[in-house]
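Enquirer: Sharing a structure, written as C-alpha cells. Questions coming.
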Amino acid sequence: MSDLLKNGETVSSFERRFRVLKEIGGGGQGNVYLVSEGDSMYALKWYNQTSSTADQFRAIEMLIEKGAPSDKFIWPLAIVEGESKDNFGYIMPLIDTKRYTKLAHFFGGEVKVKRFEPIIDACIRMAHGFNELHLSGLCYRDISFGNLFVDFETGDVLICDNDNVTFDSLEKAEDIWGTHGFMAPEVVRGEVPPSSQTDLFSLAVVIFRMLHLQHPLQGKREYDIEIADYEALVDLYGVNPVFIYDPVDETNRPVKGKKDIADAYWPYYPDFIRKRFIEAFTVGLQDSNHRVRESIWIQDLSRLRASLMYCYDCGEQLFYDKANINHPAHCPKCKKSISTLPPRMRIGDRVMILSHDTTLFTSQIKDSNIMDYDSPYLKVEVHPRHPDVWGIKNLSDETWRYQNKEGDMKEIYKEGVIPIKEGLEVYLGDLVANLRIGIKRENKSAQAEK
C-alpha cells in the first residue's frame, strides 16, 4: 500500500475494519482521511513511509494504552494497517468542522467573534486541557494554532494532532520539534527538548494572541527583519526575545499603523491580567521555572470574565478595573468616558460585575473550586415588569442567607432571588458577599471601591 490511500480501500486493526471515503487533509507526516466503520464516521491519519517508523508505532501504542486525558483531546483510538506493512496510521474521532474552527482560520479573519465570553472561555478550557495532559505525565511538544479548534459560540475546545504527545521525560535536545513563535526560547536555542515547562510558554503565547490578536514577541524587531530566515527567527524567538510590552525594554513595541493591533486591546484589560502577561513574557521568558501555571491562568481568566461590563452609551463590551477606579477610562468604540458603573458584588478583595446578562460560575465565586468553570452559580435576574429592579438568582445547590429590611435572616434556596441593594451582605455558603448598586460617577474623580 502506498503513501496515499484511494477511496474505497480498507484499513484494519486487530478487530476492526475501516473504509476510506475521501481525503480531508494532509501534512509533512502523511494524510488525513474520512473513514467509516458501518454507520460510524472517523478520521484516519495515514503516515507516509518516512514517518511509518517503529518509534512512531510504539508512541501511538502508548497513547492508546494510556487513554485521553479528557474529552478535549482528539486522541488515537486504534492503530490500523493496510495490505502492506510499509505504512500504518491511526483512527481518531472526527471533528465537527461546522461547529469547531481551527484557530489558524480565526486569526486569518475568517471568523468574527463579537463577544469576549467565548474567547475567554476557550482560553480557560485550553489551560485546563493542558493541565490534564501534564498531570497525566505527558507533554504536547508542539502547541500551535494549527492544532487547536474552538467553538466560538460556546468556547468549547478540541486539541488535535496528539501524536505530538509524549512522556514528559525527554532528555536529548535532538528530540526538539515545534513551531517557531510557539516554542520556548530554550527550545529554539537547542538547549533542551520539549517538556511540560516549555508547553507553559506555548500556552501563554496562545492565550495572549487570543486576547490581543498579535504575537507577544512580534513588534518592531520582527517588523524590521528584512529576510525572515532561520537565523533571524532564532534570534527573534530564542536568543534575544523581547515582550512587546516589556516595562523596561521598549525596543520591541508594536509599530504604529503597521503592526499594532494589540494596542487596541492591551490598555483596556484590567491591571491584574496585564501584570500576569508581563510576568509570563519577562521572568517566564527567561526562566522556565517561573512560568505561569495553568491553574493561575484559569484563575485569572475566570476573574477577567467576571470583570466584563458594557459601555452605557454604545453597548461595547468593556472590563471593570478596580485598580484604576479613580481614573475613568474611555470606550474604545465611541470614545466617551466610562462614567456609569453597573451593580457589583465584592467577595474579599475580588469585585465581580453584575450586568443585566451576567452569569457567574463556581470558579469565579470560590477560590477552592477554580476548575469548576462550567457550573453556573448565580445569574442576574431583571424584574419582568420593573426593569429597574434587579436581583441575583441562586443557581447553586447551596443555601444563601441575607437579612431583610425587617431584620430577619432569610434563607434563599436554588432558583430563589435576592434583590440587589446597596451594601446588602449575602452569605453564599461560607462566603460573605457585599452588593453594590450601579452608580453614575464624575469624570474627574470617583470614590474608590471599598
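Enquirer: For segment 144-157, does any single residue satisfy the condition of being modelled with pLDDT of 95 or more, in a helix (DSSP H, G or I) and touching a strand residue (DSSP E or B) at 6+ places or on another chain (Cβ under 9 Å)?
Expert: no
Enquirer: I would also like to ask the following. Do we have any residue at all in segment 294-310 that's touching a Pro at 6+ places or on another chain (Cβ under 7 Å), among the β-branched types (Val, Ile, Thr) and within 22 Å of Tyr245 (Cα to Cα)?
Expert: no
Enquirer: Which condition does Arg291 not pass, out of (1) more than 30 Å from Cys139 (Cα to Cα); (2) surrounded by 18 or more Cβ atoms within 10 Å (Cβ to Cβ); (3) in contact with a Leu (Cβ under 6 Å, 6 or more places away or on another chain), if it passes all the others?
Expert: The number of the failed condition is (1).
Enquirer: Any idea which of Ile353, Ile412, Ile392, Ile365 is touching a Phe, Trp or Tyr at 6+ places or on another chain (Cβ under 7 Å) and over 30 Å from His212 (Cβ atoms)?
Expert: Ile412
Enquirer: Consider segment 270-297. How many of its residues are basic (Lys, Arg) and part of a loop (DSSP other than H, G, I, E, B)?
Expert: Final tally of qualifying residues: 2.
Enquirer: I would also like to ask the following. Within segment 382-396, work out how many residues are modelled with pLDDT under 95 and either farther than 19 Å from Thr358 by Cβ or buried (at least 17 other Cβ atoms within 10 Å of the Cβ) (or both).
Expert: Summing the residues that are modelled with pLDDT under 95 and either farther than 19 Å from Thr358 by Cβ or buried (at least 17 other Cβ atoms within 10 Å of the Cβ) (or both) in segment 382-396 gives 1.
Enquirer: For residues that are among the β-branched types (Val, Ile, Thr) and within 17 Å of the chain's Cα centre (by Cα), scanning just segment 262-296, find the one that is farthest from Ala329 (Cα to Cα).
Expert: Within segment 262-296, the match that is farthest from Ala329 (Cα to Cα) is Val292.
Enquirer: Further question: Considering each residue of segment 93-126, count those that are outside any loop (DSSP other than H, G, I, E, B) and farther than 19 Å from Phe145 by Cβ, and give that number.
Expert: Of the residues in that region, 1 qualify.
Enquirer: Condition first: touching a helix residue (DSSP H, G or I) at 6+ places or on another chain (Cβ under 6 Å), part of a loop (DSSP other than H, G, I, E, B) and under 21 Å from Ile207 (Cβ atoms). Now tell me which residues in segment 218-244 satisfy that.
Expert: Of everything in segment 218-244, just one residue is touching a helix residue (DSSP H, G or I) at 6+ places or on another chain (Cβ under 6 Å), part of a loop (DSSP other than H, G, I, E, B) and under 21 Å from Ile207 (Cβ atoms), namely Pro241.
Enquirer: Follow-up question, since we're still on this one. Just give me the residues in segment 69-88 being closer than 20 Å to Val157 by Cα, touching a helix residue (DSSP H, G or I) at 6+ places or on another chain (Cβ under 8 Å) and of a type outside the set (Val, Ile, Thr), in sequence order.
Expert: Residues satisfying the conditions are Pro69, Ser70, Lys72, Phe73, Trp75, Pro76, Leu77.
Enquirer: Being closer than 24 Å to Val165 by Cα, at pLDDT 90 or above and of a type in the set (Gly, Ala, Ser) is the filter here; which residues of segment 8-38 pass it?
Expert: Listed by number, the residues that qualify are Ser12, Ser13, Gly30.
Enquirer: For Ile347, state whether it is under 24 Å from the mean Cα position of the chain (by Cα) and either within 25 Å of Asn131 (Cβ to Cβ) or crowded, with 20+ Cβ neighbours inside 10 Å (or both).
Expert: no
Enquirer: Looking at (1) at pLDDT 95 or above; (2) aliphatic (A, V, I, L, M); (3) surrounded by 14 or more Cβ atoms within 10 Å (Cβ to Cβ), which is the only condition Met41 fails?
Expert: (3)
Enquirer: Only residues that are among the basic types (Lys, Arg) and either touching a strand residue (DSSP E or B) at 6+ places or on another chain (Cβ under 7 Å) or within 17 Å of Ile207 (Cβ to Cβ) (or both): list them for segment 103-117, please.
Expert: Residue satisfying the conditions is Arg115 alone.
Enquirer: Separate question: Restrict the check to segment 249-269 and report whether at least one residue is basic (Lys, Arg), touching a helix residue (DSSP H, G or I) at 6+ places or on another chain (Cβ under 8 Å), assigned to a helix (DSSP H, G or I) and in contact (Cβ under 8 Å) with a residue 12 or more places away in the chain.
Expert: no
Enquirer: Can you spot a residue in segment 322-339 that is in contact with a helix residue (DSSP H, G or I) (Cβ under 7 Å, 6 or more places away or on another chain) and crowded, with 18+ Cβ neighbours inside 10 Å?
Expert: No; the residues of segment 322-339 include none that is in contact with a helix residue (DSSP H, G or I) (Cβ under 7 Å, 6 or more places away or on another chain) and crowded, with 18+ Cβ neighbours inside 10 Å.
Enquirer: If you take the residues of segment 373-425 that are of a type in the set (Ser, Thr, Tyr) and under 30 Å from Asp156 (Cβ atoms), which of them is nearest to the chain's Cα centre (by Cα)?
Expert: Tyr373
Enquirer: Still on this structure, I have one more. Would you please name the residue that is farthest from Gln49 (Cα to Cα), looking only at residues in segment 89-112 that are touching a helix residue (DSSP H, G or I) at 6+ places or on another chain (Cβ under 6 Å) and surrounded by 15 or more Cβ atoms within 10 Å (Cβ to Cβ)?
Expert: So, considering only residues that are touching a helix residue (DSSP H, G or I) at 6+ places or on another chain (Cβ under 6 Å) and surrounded by 15 or more Cβ atoms within 10 Å (Cβ to Cβ), the one farthest from Gln49 (Cα to Cα) is Leu103.
Enquirer: Against the conditions (1) surrounded by 21 or more Cβ atoms within 10 Å (Cβ to Cβ); (2) among the charged types (D, E, K, R); (3) closer than 27 Å to Gln364 by Cβ, where does Arg141 fall short? Just the number, please.
Expert: It is condition (3) that Arg141 fails.
Enquirer: Would you call Asp300 in contact (Cβ under 8 Å) with a residue 12 or more places away in the chain, buried (at least 20 other Cβ atoms within 10 Å of the Cβ) and either among the basic types (Lys, Arg) or not in a strand (DSSP E or B) (or both)?
Expert: For Asp300, the condition - in contact (Cβ under 8 Å) with a residue 12 or more places away in the chain, buried (at least 20 other Cβ atoms within 10 Å of the Cβ) and either among the basic types (Lys, Arg) or not in a strand (DSSP E or B) (or both) - is met.
Every residue, every condition in (1) surrounded by 12 or more Cβ atoms within 10 Å (Cβ to Cβ); (2) under 19 Å from Asp300 (Cβ atoms); (3) small (Gly, Ala, Ser), yes or no:
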{"site": "Gln214", "(1), (2), (3)": "yes, no, no"}
{"site": "Ala228", "(1), (2), (3)": "no, no, yes"}
{"site": "Glu231", "(1), (2), (3)": "no, no, no"}
{"site": "Asp235", "(1), (2), (3)": "yes, no, no"}
{"site": "Pro241", "(1), (2), (3)": "yes, no, no"}
{"site": "Glu250", "(1), (2), (3)": "yes, no, no"}
{"site": "Val255", "(1), (2), (3)": "yes, no, no"}
{"site": "Tyr265", "(1), (2), (3)": "yes, yes, no"}
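The values are calculated or read from the model by the stated rules, or taken from the named source; none is laboratory data. Everything quoted here is computed from the prediction, not taken from an experiment. Counting neighbours? That spans all protein chains shown, and the Cβs are built from the backbone with ideal geometry, glycine included.
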